[in-house]
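Here is the structure we will look at.
The values are calculated or read from the model by the stated rules, or taken from the named source; none is laboratory data. Remember, it's a predicted structure, so these values are computed and weren't measured experimentally. Cβ atoms come from the backbone with ideal geometry, glycine included; neighbour counts cover every protein chain shown. Note: areas computed on protein heavy atoms with side chains; ligands, DNA, RNA excluded. Shrake-Rupley method; radii C 1.70, N 1.55, O 1.52, S 1.80 Å.
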Amino acid sequence: MSAIVLVIAAACIFVIVYRLYGAFIASKVLVLDETRKTPAYALENGYDYVPTNKWILFGHHFAAIAGAGPLVGPVLAAQFGYLPGALWILIGASLAGAVHDMVILFASVRHDGVSLAEIARKEVGKFSGFAATIAVIFILLITVAGLAIVVVNSLFNSPWGTFTVGATIPIALFMAVYMKWIRPNKVAETTIIGVVLMIVSVVVGPMVQHSVLAPYLTFNQHQMTVLLALYGLIAAVLPVWLLLTPRDYLSTYMKIGVISLLAIGVIFVNPIIKMPAMTKFIHGGGPIIPGKVWPFVFITIACGALSGFHSLISTGTTPKMIKNEKDILPIGFGAMLVEGFVSIIALIAATSLNPGDYFAINVPPQIFARLGMKVVDLPVLSKAIGETLAGRTGGAVTLGVGMSYIFSSIPGFKSLMSYLYHFSILFEALFILTTVDAGTRIGRYVLQEAGGYIYKPLKDKDWWPGIILTSIVFTAAWAYLVYNGSISTIWPLFGTSNQLLASIALAIGTTMLLKRGKAKYMAITAVPFAFMIVTTVTAAYLNIVTNYLPSGNTVLIIFSIIILILAVSISVDCVTKWIKIYREMHSQNVAANFETSN
């Protein structure tokens with residue numbers, strides 16, 4: 001199959017869905033009101049609640065939600081063939097992910113920018129609010145730790161990557177100061193300066209790698225974990241406009257720019273998708289994902305189609321900066337569709353490799369030897385890139401190889417394959433890092449809200465001791481997991497916990513619609529909720545009995561059971577609330593009809 005068909009189909013589908021389905025939900029279901037004062041103005045305080053330009057906020061929001069999932073998930077899911085992953089990305093992002101993000105963002109804006117747990121308490125009840133608080137803290141810790149360890153593994157012992165990614169921090173600080181005091185509100189001008197400086201940092205990167213500065217930018221995994229934790233702590237404490245927003249906005253240009261160039265590269269090169277539509281592993285027994293295509297393709301792709309982590313961004317930093325309710329459509333709905341397109345491109349990059357090469361990269365050599373497959377281009381690719389690629393599991397290397405393979409097929413780029421590969425790895429690290437800083441800040445929000453019930457001043461968003469204390473506690477917790485763990489101990493929980501959180505958010509969103517008299521539209525959130533809760537609970541159960549129990553991993557078993565119990569409890573509480581609301585509505589209709597008849 002030609003990859004260009006998938007690129008054009010995805011672009012057309014997402015544009016149509018945005019123009020029709022997104023606009024319908026915005027105008028008929030949520031009834032966005034551009035005259036209503038948003039929390040950014042009503043509660044403006046200069047560091048969390050800050051009215052922000054729509055496109056800058058789009059950049060921040062997209063950068064925050066687009067982490068490892070849309071890049072790594074589709075690559076790993078390619079084990080099942082290109083078709084299952086492509087279908088779920090197109091359908092899931094359109095009918096579940098984008099709806100989930102916009103509805104929850106709307107709910108938070110209408111509730112003064114509070115967290116998902118607070119929305120659950122107000123919309124469903126105290127029990128769901130308490131359970132959601134515990135679930136969000138657990139899931140957020142696992143999510144940030146899982147994303148952080150990918151960044152650590154990408155940047156350790158890499159002075160080039162460390163320099164370029166690190167350079168985005170002072171560049172972002174300069175952009176914030178420039179736009180606030182030197183040239184107020186000059187967004188286009190600031191953007192050009194920021195992008196130029198970032199390109200310079202990328203170009204200078206290889207020179208730094210071979211300079212006297214290299215030893216000072218070379219860190220092992222533990223050192224990189226500490227540095228990353230310090231960055232997350234600083235990003236969680238500083239005013240949002242000073243570091244988080246401009247850095248994420250800047251990163252978005254690189255993300256969208258690289259993906260756009262890759263899409264153009266796919267159109268120009270028109271590579272053939274070499275992976276079959278479906279492999280024999282759809283029935284289970286795969287070397288990367290041992291389970292069957294259902295339910296595991298939905299859990300593996302994660303953020304590329306639907307993500308519970310997005311609900312934390314949509315009830316965290318973003319609702320506190322929305323200037324106008326009309327901006328909820330492009331930011332909430334639109335950003336998720338862009339992420340879906342990123343997932344399609346990542347899937348193409350992985351499946352354009354020969355299946356033997358794909359599996360040789362993604363599974364340990366001893367397991368690959370038992371598959372009966374042969375490598376085709378891998379020795380040539382390894383030599384051209386200058387790295388040993390076989391057995392580099394986790395998906396990131398596969399994506400980097402696939403991207404550099406497509407780019408190097410453009411005339412004149414063949415000799416730049418090593419540079420293209422390392423640039424791709426850098427791109428992935430930068431892509432993921434922006435979710436770590438936003439996730440850390442949101443963890444601070446949740447701890448402040450939860451701690452406020454124990455010690456009231458903690459809930460005060462302007463009380464600096466509480467801000468600093470909760471930031472330190474949350475950062476130390478996820479840094480501990482990263483420092484003492486590995487991908488194999490942290491990442492397995494990410495998929496199931498992330499999708500269980502999405503199910504919780506969809507259930508809460510459905511409750512909100514019912515309470516606002518939108519019962520006839522409840523299917524837009526209730527149907528994705530029903531599908532995902534069944535799928536994810538099944539996957540979590542299978543993970544426990546077929547993976548964690550045989551390996552004796554008690555910690556993962558306990559975490560999985562706690563998250564499962566919380567998710568199911570909140571879901572049952574929501575459904576009970578739906579039945580109660582429906583009965584009240586029915587009683588009121590009966591009473592109204594009786595009065596009319598008399």
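Residues to consider are Leu140, Leu173; find the one that is in contact (Cβ under 8 Å) with a residue 40 or more places away in the chain and closer than 19 Å to Ala66 by Cβ.
Only one candidate qualifies: Leu140.
Return yes or no: is Ile119 β-branched (Val, Ile, Thr), crowded, with 24+ Cβ neighbours inside 10 Å and in a helix (DSSP H, G or I)?
Answer is yes for this residue.
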(message) Here is a list: Leu469, Leu513. Which entry is without any contact (Cβ under 8 Å) to a residue 12 or more places away in the chain and more than 19 Å from the chain's Cα centre (by Cα)?
(response) Leu469
(request) Could you tell me whether any residue of the stretch 317-327 is of a type outside the set (Asp, Glu), at pLDDT below 90 and at positive phi? (result) no
(request) Could you tell me whether any residue of the stretch 197-208 is open to solvent by less than 30 Å² (accessible area, probe 1.4 Å) and either in contact with a Gly (Cβ under 7 Å, 6 or more places away or on another chain) or without any contact (Cβ under 8 Å) to a residue 40 or more places away in the chain (or both)? (result) yes
(message) Looking at Phe423, Phe431, can you tell me which residue is open to solvent by less than 10 Å² (accessible area, probe 1.4 Å) and modelled with pLDDT under 80?
(response) Phe431
(request) Test Thr143 against the criterion of being touching a helix residue (DSSP H, G or I) at 6+ places or on another chain (Cβ under 6 Å), closer than 29 Å to Trp241 by Cβ, open to solvent by 10 Å² or more (accessible area, probe 1.4 Å) and of a type outside the set (Phe, Trp, Tyr), and give yes or no. (result) no
(request) Would you point out which residue out of Thr252, Thr300 is in contact with a Gly (Cβ under 8 Å, 6 or more places away or on another chain), among the hydroxyl-bearing types (Ser, Thr, Tyr) and under 22 Å from Met1 (Cβ atoms)? (result) Thr300
(request) From (1) at pLDDT below 85; (2) of a type in the set (Gly, Ala, Ser); (3) not in a helix (DSSP H, G or I), pick out the condition that doesn't hold for Gly146. (result) (3)
(request) Could you tell me which residue of the stretch 517-554 is farthest from the chain's Cα centre (by Cα), considering only residues that are open to solvent by 80 Å² or more (accessible area, probe 1.4 Å) and within 19 Å of Gly22 (Cα to Cα)? (result) Lys520
(message) Please go through the stretch 183-195 and give me each residue that is more than 17 Å from Gly59 (Cα to Cα) and surrounded by 11 or more Cβ atoms within 10 Å (Cβ to Cβ), ordered by number.
(response) Arg183
(request) Find the residue count for the stretch 100-114, including only residues that are open to solvent by less than 10 Å² (accessible area, probe 1.4 Å) and either touching a Leu at 6+ places or on another chain (Cβ under 8 Å) or among the hydroxyl-bearing types (Ser, Thr, Tyr) (or both). (result) 7
(request) Return yes when Val75 is open to solvent by less than 40 Å² (accessible area, probe 1.4 Å) and among the hydrophobic types (A, V, I, L, M, F, W, C) and no when it is not. (result) yes
(request) Identify all residues within the stretch 1-22 that are under 14 Å from Ile328 (Cβ atoms) and open to solvent by 40 Å² or more (accessible area, probe 1.4 Å); write none if there are none. (result) Tyr18
(request) Please enumerate the residues belonging to the stretch 242-256 that are open to solvent by 10 Å² or more (accessible area, probe 1.4 Å), among the aliphatic types (A, V, I, L, M) and under 26 Å from Ile472 (Cα atoms). (result) Leu242
(message) Here is a check on your reading of the model: is Ser343 in contact with a Leu (Cβ under 9 Å, 6 or more places away or on another chain), among the polar types (S, T, N, Q), under 21 Å from Met403 (Cα atoms) and at pLDDT 90 or above?
(response) yes
(request) Could you tell me whether any residue of the stretch 262-280 is outside any helix (DSSP H, G or I), touching a Gly at 6+ places or on another chain (Cβ under 7 Å) and of a type in the set (Ser, Thr, Tyr)? (result) yes
(request) Take the stretch 555-580 and flag every residue that is open to solvent by less than 50 Å² (accessible area, probe 1.4 Å), of a type in the set (A, V, I, L, M) and modelled with pLDDT under 90. (result) Leu556, Ile557, Ile563
(message) Of everything in the stretch 514-542, what is charged (D, E, K, R), within 19 Å of Ile104 (Cβ to Cβ) and part of a helix (DSSP H, G or I)? Give them in sequence order.
(response) Lys515
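Just a yes or no: is a residue in the stretch 28-50 hydroxyl-bearing (Ser, Thr, Tyr) and open to solvent by less than 10 Å² (accessible area, probe 1.4 Å)?
Scanning the stretch 28-50, I find at least one residue that is hydroxyl-bearing (Ser, Thr, Tyr) and open to solvent by less than 10 Å² (accessible area, probe 1.4 Å), so the answer is yes.
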(request) Within the stretch 126-140, count every residue that is in contact with a Ser or Thr (Cβ under 9 Å, 6 or more places away or on another chain) and surrounded by fewer than 22 Cβ atoms within 10 Å (Cβ to Cβ). (result) 2
(message) Out of everything in the stretch 211-241 that is in contact with a Phe, Trp or Tyr (Cβ under 9 Å, 6 or more places away or on another chain) and outside any helix (DSSP H, G or I), what residue ends up being least open to solvent (accessible area, probe 1.4 Å)?
(response) Val240
(message) Name the single residue that is farthest from Trp55 (Cα to Cα) among those in the stretch 160-203 being among the polar types (S, T, N, Q) and in a helix (DSSP H, G or I).
(response) Thr162
(message) Of all residues being within 17 Å of Thr538 (Cα to Cα), open to solvent by 20 Å² or more (accessible area, probe 1.4 Å) and at pLDDT 85 or above in the stretch 286-307, which is farthest from the chain's Cα centre (by Cα)? Just the residue, please.
(response) Lys292
(message) For the structure I just gave you, tell me whether Pro206 is in a loop (DSSP other than H, G, I, E, B), more than 15 Å from Ile56 (Cα to Cα) and modelled with pLDDT under 85.
(response) no
(request) Would you please list the contacts, defined by Cβ atoms under 6 Å and residues six or more apart or on different chains, that run from a residue in the stretch 217-229 that is closer than 13 Å to Ala477 by Cα and touching a residue at least 12 places away in the same chain (Cβ under 8 Å) to a residue that is assigned to a helix (DSSP H, G or I) and open to solvent by 40 Å² or more (accessible area, probe 1.4 Å)? (result) Thr225/Tyr483
(request) Just name the residue that is most open to solvent (accessible area, probe 1.4 Å) out of those in the stretch 352-395 that are free of Cβ contacts under 8 Å to residues at least 12 places away in the same chain and among the hydroxyl-bearing types (Ser, Thr, Tyr). (result) Thr388
